[in-house]
1. Kindly establish whether residue 299 is away from the ligand (no atom under 16 Å from the Cβ) and either modelled with pLDDT of 85 or more or part of a helix (DSSP H, G or I) (or both).
2. Within region 261-277, track down each residue that is more than 17 Å from the chain's Cα centre (by Cα), buried (at least 16 other Cβ atoms within 10 Å of the Cβ) and not in a helix (DSSP H, G or I).
3. List the pairs whose first member sits in region 112-126 and is free of Cβ contacts under 8 Å to residues at least 40 places away in the same chain, whose second member is surrounded by 19 or more Cβ atoms within 10 Å (Cβ to Cβ), and whose Cβ atoms are under 6 Å apart, counting only residues at least 6 apart or on separate chains?
4. Just to check your reading of the model, which residue among 280, 288 is over 21 Å from the mean Cα position of the chain (by Cα), at pLDDT below 90 and more than 16 Å from the ligand (Cβ to nearest atom)?
5. Return the residues of region 42-64 that are assigned to a loop (DSSP other than H, G, I, E, B) and within 18 Å of residue 324 (Cβ to Cβ); say none if nothing qualifies.
6. Any residue at all in region 330-338 that's touching a residue at least 12 places away in the same chain (Cβ under 8 Å) and on the phi > 0 side of the Ramachandran plot?
7. Does region 199-222 hold any residues that are out of contact with any helix residue (DSSP H, G or I) (no Cβ under 7 Å at 6 or more places or on another chain), in a helix (DSSP H, G or I) and either closer than 20 Å to residue 36 by Cα or within 11 Å of the ligand (Cβ to nearest atom) (or both), and which are they?
8. Any idea which of (1) surrounded by 12 or more Cβ atoms within 10 Å (Cβ to Cβ); (2) more than 26 Å from residue 290 (Cα to Cα) is the one residue 184 doesn't satisfy?
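The values are calculated or read from the model by the stated rules, or taken from the named source; none is laboratory data. Note that the structure is predicted; figures quoted are calculated from it, not measured. Every residue, glycine among them, receives a Cβ derived from its backbone with ideal geometry; neighbour counts consider all protein chains shown.
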Ligand SMILES: [Zn+2]
């Protein structure tokens with residue numbers, strides 16, 4: 001059996017094994033109950049009130065804890081049956097992942113970078129919000145005075161239809177108008193946001209599902225537009241596969257968010273954003289906001305990946321409990337954000353269930369996406385003329401995407417290295433360097 005065939009089989013195992021996946025809709029309902037509380041934290045001025053709200057966000061749901069622990073144990077059971085001692089080894093082996101993620105979290109330089117960033121983050125927030133102490137419950141709070149008005153979350157167009165119109169123009173300029181016109185964009189509130197290609201009665205359907213709760217922002221905001229750009233990017237990339245077959249995904253899983261994050265970043269780059277009058281008048285602020293957004297996304301994904309790594313280490317020793325799920329969650333949040341210690345039993349990890357159940361160590365995809373899309377973007381921007389795509393840009397883009405996409409699920413790390421014009425292979429050190437650059441304050 002070839003390596004690829006094994007990979008495909010394992011994906012099916014992960015997908016089928018658990019009641020956790022089986023009950024995903026129930027879990028989503030449970031998780032989404034917490035989201036309005038988080039939204040409320042954005043605008044609650046009183047710190048003590050924020051703490052009260054956060055208590056509800058981190059409330060324990062015994063059913064979710066039970067389902068999660070069952071899920072982790074089952075993943076480990078299958079991993080063990082396949083002859084691997086660690087879930088991360090099992091997953092890395094199948095995906096030929098050259099990065100030693102568990103080593104990353106022990107890497108001294110990496111931990112120094114995170115420590116420095118967490119300190120900087122906490123100090124900045126304390127200063128901005130005029131706080132004595134910075135806690136978990138202060139994380140989402142936005143100071144709503146007019147001069148800190150957030151351009152990224154403001155509406156730039158009034159509705160769904162006009163949002164699509166803008167993204168259509170964006171993809172048209174890049175030569176993907178045909179694919180765009182074949183996508184069904186479905187606005188469905190209360191559902192997650194995702195892209196899907198599937199076959200129905202011999203016809204391939206291209207669908208993008210969108211909701212404000214799934215995207216975590218208002219329809220028509222720059223944030224929302226970047227989410228549409230991202231999901232559309234999944235379809236565009238899937239459509240470059242030379243020989244599509246049923247049930248293909250775009251793994252190796254750790255590589256399937258690079259192209260989409262490239263499109264998202266390109267849409268939010270000065271070259272494209274300068275088309276919006278609001279942004280034009282306050283360009284410095286929006287780029288500052290976007291820098292912070294990117295840094296926080298990187299932090300969030302690293303935090304979640306280390307959390308998962310710690311969880312599976314406990315599963316391996318048969319030591320995982322509800323209490324430990326909460327304790328490690330708290331401990332890592334202090335590490336990544338510089339929060340003050342607290343004595344709450346923090347089950348806010350329930351909000352992450354989807355990611356944990358979707359596939360083991362899924363966050364690798366966003367971390368690599370973050371680091372590699374940045375390189376792709378830098379290369380692409382060099383081909384623009386006066387902020388406008390040239391024929392050279394179109395050729396470059398198509399070549400780049402074909403290089404890493406035409407083999408679909410069988411695309412290799414080397415193909416992505418080539419698509420990004422890297423002069424060295426992707427490995428643990430490459431990731432540490434990338435994180436250092438992404439989080440640098442210069
Ligand atoms: Zn994605």
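1. Details: away from the ligand (no atom under 16 Å from the Cβ): yes; either modelled with pLDDT of 85 or more or part of a helix (DSSP H, G or I) (or both): yes.
For residue 299, the condition - away from the ligand (no atom under 16 Å from the Cβ) and either modelled with pLDDT of 85 or more or part of a helix (DSSP H, G or I) (or both) - is met.
2. So the first thing to find is which residues in region 261-277 are more than 17 Å from the chain's Cα centre (by Cα), and the list is 269-277.
Filter once more, so that each one left must be buried (at least 16 other Cβ atoms within 10 Å of the Cβ): 269, 271-273, 276.
Of everything in region 261-277, those that are more than 17 Å from the chain's Cα centre (by Cα), buried (at least 16 other Cβ atoms within 10 Å of the Cβ) and not in a helix (DSSP H, G or I) turn out to be 269, 276.
3. Pairs found: 125/134; 126/134.
4. Numbers: 288 fails: over 21 Å from the mean Cα position of the chain (by Cα).
From the options 280, 288, the qualifying one is 280.
5. Restricting attention to region 42-64, the residues satisfying the condition of being assigned to a loop (DSSP other than H, G, I, E, B) are 43-46, 58-61.
Of everything in region 42-64, those that are assigned to a loop (DSSP other than H, G, I, E, B) and within 18 Å of residue 324 (Cβ to Cβ) turn out to be 58, 59, 60, 61.
6. yes
7. Listed by number, the residues that qualify are 212, 214.
8. (1)
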